[in-house]
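Asks: Dumping the structure here so I can ask a few things about it.
No lab work stands behind these numbers, since they all come straight from the coordinates. Here the structure is a predicted model, which is why all the values come from computation and not from measurement. When we count neighbours, we look across all protein chains shown, and the Cβ atoms used for this are built from the backbone with ideal geometry, even at glycine.
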Amino acid sequence: MFDPRKHQARPDELAGRVIAITGASDGIGRAVARACALHGAQVVLLGRNAKKLEAVHAELARSPAPPASIAVLDLEKAVARDYDAVADALLERYGRLDGLLHNASLLGTLTPIEQYDVPTWCRVLHVNVTAAFALTQVLLPALRQSQDAAVLFTSSSVGRHGRAYWGAYSVSKFAVEGLTQVLSAELEGITQVRVNAINPGRTRTAMRRQAYPAEDIATLPEPQSLVAPYLALLGPASRGISGGSFDAQASDRSVAAAASAADAPAADAAAVSAASSSGLTSR
Ligand SMILES: NC(=O)c1ccc[n+]([C@@H]2O[C@H](COP(=O)([O-])OP(=O)(O)OC[C@H]3O[C@@H](n4cnc5c(N)ncnc54)[C@H](OP(=O)(O)O)[C@@H]3O)[C@@H](O)[C@H]2O)c1
């Protein structure tokens with residue numbers, strides 16, 4: 001049985017592939033972008049904060065990785081023309097897209113549904129679900145140009161089993177699981193595009209710190225320790241696998257419970273920076 005956690009990527013496994021990653025400015029997205037590039041992919045770093053993306057880009061430029069590019073896209077504020085600008089620039093520069101990781105997310109708040117703030121609900125659902133849908137839609141023409149394309153959505157344990165107070169974040173991750181299945185079923189047999197979901201589990205990132213400020217972060221795995229299953233699901237190792245929902249970490253009951261805790265949306269989603277979008281910034 002295919003288990004992406006057991007995958008050991010060859011050094012050049014993603015050579016020649018073009019892979020776009022949302023939320024590439026920090027945390028898991030940043031680590032996966034770095035790993036994809038170091039395994040030979042040309043990565044498109046998507047995010048809302050140009051300065052943070054520049055820092056990731058600079059780090060890659062100092063490495064032997066192929067040249068990366070940046071696309072600034074605030075998933076909360078972007079409108080249709082912003083998505084189109086990214087898709088057009090990507091097609092113009094690369095002619096196709098071989099991998100798309102939807103990694104960016106908002107936590108929202110840890111609140112009972114009865115009291116959940118409606119605007120916060122809308123923002124979380126928009127960034128975590130609607131924006132991922134819209135980006136996938138505009139990038140499908142580029143994905144169809146690939147001989148072997150992978151779309152990977154980011155789920156969570158609370159997107160598989162509902163938990164009290166986890167609110168919009170939990171519901172958004174259920175929606176991501178549904179989007180994965182619907183899109184996979186639509187594309188299967190008529191395209192070379194596969195669609196899967198991954199739950200990273202509890203990970204040492206800003207989102208985790210926001211949810212659990214008093215936690216001993218030494219107990220949490222670092223993002224770079226989780227990249228193997230991402231490489232498997234974004235690269236040739238997962239050819240033919242579609243509609244699946246995978247874990248990046250061990251999924252025994254105790255770890256699954258801990259992984260659930262990773263997602264508690266305890267803190268309000270911060271106001272995001274001004275909308276900004278453009279085509280790719282080539283470097
Ligand atoms: N960490 C965990 O324990 C855990 C557990 C289960 C699932 N996950 C999932 O893993 C994924 C990555 O999370 P993480 O832990 O790496 O969190 P993180 O370090 O906070 O990174 C979140 C990323 O999303 C970006 N983002 C947020 N709002 C955005 C917007 N409006 N437009 C564009 N980008 C936006 C952030 O950009 P900025 O850098 O500009 O803030 C950042 O790059 C998420 O889907 C999360 O739900 C995480």
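Asks: If the chain were replaced by its equivalent ellipsoid, with semi-axes equal to the square roots of 5 times the Cα gyration tensor eigenvalues, what would those be, largest first, whole Å?
Replies: Working: eigenvalues 140, 89, 73 Å².
The answer is 26, 21, 19 Å, longest axis first.
Asks: Further, regarding this structure: At a 10 Å Cβ-Cβ cut-off, how would you order Asp117, Asp82, fewest neighbours first? Walk me through the numbers on the way to the answer.
Replies: On the way: Asp117 15, Asp82 22.
Going from sparsest to densest Cβ surroundings: Asp117, Asp82.
Asks: Counting only helical runs of four or more DSSP H residues, what would the 222 nm mean residue ellipticity of the chain come to if each run contributes -39,500 (n - 2.57) and the total is spread over all its residues?
Replies: Values: 9 runs with 105 residues, N = 283.
The helix contribution divided over the chain gives -11500 deg cm²/dmol.
Asks: Would you please give the FRET efficiency between Asp84 and Ile113, computed as 1/(1 + (r/R0)^6) with r the Cβ-Cβ distance and R0 = 35 Å, to the nearest 0.05?
Replies: 0.50
Asks: Treating only the Cβ of Lys, Arg, Asp and Glu as charged (+1, +1, -1, -1), what charge dipole size does the chain show about its Cα centre? Round to the nearest 20 debye.
Replies: The calculated dipole for the chain is roughly 420 debye.
Asks: If we count every other residue with Cβ under 12 angstrom of Asp74's Cβ, Lys/Arg +1 and Asp/Glu -1, where does the sum land?
Replies: +1
Asks: Another question, then. Which one of Thr111, Pro141, Gly95 has its Cα pushed farthest toward the positive end of the charge dipole of the chain, where Lys and Arg give +1 and Asp and Glu give -1 at the Cβ?
Replies: Gly95
Asks: Go ahead and set up a Gaussian network model of the chain, Cα springs under 10 Å, then flag whichever of Gly16, Gly27, Gly235 fluctuates most.
Replies: Largest GNM mean-square fluctuation: Gly16.
Asks: Relative contact order (percent) for the chain, with alpha-carbon contacts under 8 angstrom and 6 or more residues of separation? Can you show the working numbers first?
Replies: Numbers: 619 pairs, mean separation 74.1, N = 283.
It rounds to 26 percent for the chain.
Asks: Which of the peptides 34-44, 87-97 is most tightly packed, and how do the rest follow, going by the mean number of other Cβ atoms within 10 Å of each residue?
Replies: Working: 34-44: 24.4, 87-97: 17.4.
For the peptides 34-44, 87-97, the packing ranking is 34-44, 87-97.
Asks: Right, another one. Using the Kyte-Doolittle scale, which helices in the chain average at least -0.5 and also have C-alpha atoms spread 24 Å or more along the helix axis, with helices defined as whole DSSP H runs?
Replies: Sorted by number, the helices that extend far enough and score high enough are 167-187.
Asks: In addition: If you count, for each residue, the other Cβ atoms within 10 Å and average over each peptide, how do 167-178, 118-129 line up from highest to lowest?
Replies: 167-178, 118-129
Asks: Take peptides 223-234, 155-166 and line them up by average Cβ neighbours within 10 Å, highest first, as a rough protection proxy.
Replies: 223-234, 155-166
Asks: Which of Asp98, Asp12, Asp247 moves the most in a Gaussian network model of the chain with Cα springs under 10 Å?
Replies: Most flexible of the set in this elastic network: Asp12.
Asks: Separate question: In nm, to one decimal, how far is the modelled label at Asp12 from the one at Ala61, with both set 7 Å along Cα→Cβ?
Replies: So the two model labels end up 2.6 nm from each other.
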